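Below is one structure, written out as structure tokens; comments come after it.
The values are calculated or read from the model by the stated rules, or taken from the named source; none is laboratory data. Note that the structure is a prediction, hence the values are computed from the model and not measured. Quick reminder, even Gly has a Cβ in these numbers, built from the backbone with ideal geometry, and neighbours come from all protein chains shown. Just so you know, the surface numbers come from the protein's heavy atoms only, side chains and all, with ligands and any DNA or RNA stripped out. Shrake-Rupley method; radii C 1.70, N 1.55, O 1.52, S 1.80 Å.
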Amino acid sequence: YGPHHGPQSAMLLGIGGAGDVAGTPSGHYSEVENTCAGCHLGENDNHTFVPTVASCAECHEGVENFDINGVQTEVAEMLTQLEEALVAKGMWNLEADEPVVGEYPEAEAAAMWNYVYIAHEDKSMGVHNAEYTKALLQASLDALQ
């Protein structure tokens, strides 16, 4: 991980979130040959860097979409809950799709950072590191209750 890598690389490593959530590198980081390129370029060297389901099928037999084992569905539901909680606390401007500037308790600010990190920065909906993504979301939801 270095300065030329984005939030997606951090998510693969299980870092970058806020709060007391311990992360570990995902299987996509440790088991996929050439990590990012292995999934995003595939065997045909797709230089758009858009992943294909065919790349997933090399390890996940019979997949038809990126929502493997319902991870993306679960993350989307948690993100919706987190967004609703942030809006209810006056921390997120839904119309502008941006944070409301203010002073917030540390745990609540961490929850907002995790929302931005997962929904707006990483954008994999859990594919890069499902366990860490869901742990960050759950800790964020708990902080806002």
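To the nearest 20 debye, what is the magnitude of the charge dipole of the chain about its Cα centre, counting +1 on the Cβ of each Lys and Arg and -1 on the Cβ of each Asp and Glu?
Around 200 debye, computed over the chain.
Given a 1.4 Å probe and every protein chain left where it sits, what share in percent of the accessible area of the chain is carbon and sulfur?
C and S atoms contribute 51 percent here.
Could you work out Rg/(2.2 N^0.38 Å) for the stretch 61-145, with Rg from alpha carbons only? Write down the numbers at each step before the final one.
Details: Rg = 13.4 Å, N = 85, 2.2 N^0.38 = 11.9 Å.
Dividing the Cα Rg of the stretch 61-145 by 2.2 N^0.38 Å gives 1.12.
Please give the length that would be gained between VAL53 and GLU33 if that part of the chain were fully extended, namely 0.36 nm times their separation in residues minus their C-alpha to C-alpha distance (nm, one decimal).
Once the chain is fully extended between VAL53 and GLU33, it gains 5.6 nm.
For the stretch 49-145, what relative contact order do you get, as a whole percent, if you take Cα pairs closer than 8 Å and at least 6 residues apart?
Relative contact order, the stretch 49-145: 31 percent.
On full extension of the chain, what length is gained from GLN145 through ALA96, given 0.36 nm per residue of separation minus the C-alpha to C-alpha distance? Numbers along the way, then the final one.
Working: separation 49, 0.36 × 49 = 17.64 nm, distance 2.38 nm.
Taking 0.36 nm per residue and subtracting the Cα distance, the gain is 15.3 nm.
Dividing the alpha-carbon Rg of the chain by 2.2 N^0.38 Å yields what?
The reported ratio for this selection is 1.10.
Relative contact order for the stretch 50-105: what is it in percent, counting Cα pairs under 8 Å that are at least 6 residues apart?
Worked out over the stretch 50-105, it gives 15 percent.
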